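J.: After the structure tokens below, expect a handful of questions from me.
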Amino acid sequence: MGFLESFKMGLDLFWSLLTADPVLTIFILLFFCGSLFFVFIINTITEQRLRKSGILEIDKMSGRKFEEYLQALLKARGYYVQFTPASGDYGADLILTTKGKKIIVQAKRYKKNVGVKAVQEIASARNYYRADNCWVITNSFFTEQAKRLASSNQVRLVDRKQLTNWMILEGKRRERAQ
């Protein structure tokens, strides 16, 4: 039996179920329409949240612009922020200070998932900068290997979802201030 014959048989079975009992037909149609409506609502909410956060603009930025954006965002979150030198930065892009603590940050504006190399670089830069903590912040996500290495080296990973949440919170703070 070929694919088309199987598909036709499936459609015939589905049609016979729909036409066999009017109550069942209504239930199936309501379930199908409700499911489509639910998916539409979830997608709409997700898109609005992304547009409001500005994450789509970040996806278009250069790496340096992303670092500058993070500087402004983290400054608004209460950190004193400095850039490291463009070359010879030993794996750190930003240095944050707050309440006597020093945090170094590696910014990764990627289209793909961030791997272990970013975690290795920031973890090794911790001693050079005499930092208390180290973070990798991305507009993307992290590989499982990067998550495991970060966990064993006390590296905080900030992925797309958390960055978006920070951005939304900052947007709400700005709205309240106006």
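J.: Name the helices (complete DSSP H segments) of the chain with a Cα length along the long axis of 15 Å or more and a Kyte-Doolittle mean of at least -0.5, or state none.
T.: Length and hydropathy pass: 3-20, 22-53, 63-76, 116-129.
J.: Also, quick follow-up: Please express the shape of region 80-172 as an equivalent ellipsoid: the semi-axes are the square roots of 5 times the eigenvalues of the C-alpha gyration tensor, given largest first in whole angstrom.
T.: Whole-Å semi-axes of the equivalent ellipsoid: 19, 18, 12.
J.: Taking a cut-off of 29 Å between Cα atoms, list the lysines near Lys101, but don't count ones fewer than 8 places away on the same chain.
T.: Lys65, Lys75, Lys117, Lys147, Lys161, Lys172
J.: For the chain, rounded, prolate or oblate, judged on the Cα gyration tensor with a ≥ b ≥ c (square roots of eigenvalues), a/c < 1.5 rounded, else prolate if a/b > b/c?
T.: In terms of gyration-tensor shape, prolate.
J.: Can you put Ser152, Ser124 in order of Cβ neighbours within 10 angstrom, beginning with the fewest?
T.: Ser152, Ser124
Every number in this text was worked out from the coordinates using simple rules, so none of it is lab data. Please read all numbers here as calculations on a predicted model, not as lab measurements. Quick reminder, even Gly has a Cβ in these numbers, built from the backbone with ideal geometry, and neighbours come from all protein chains shown.
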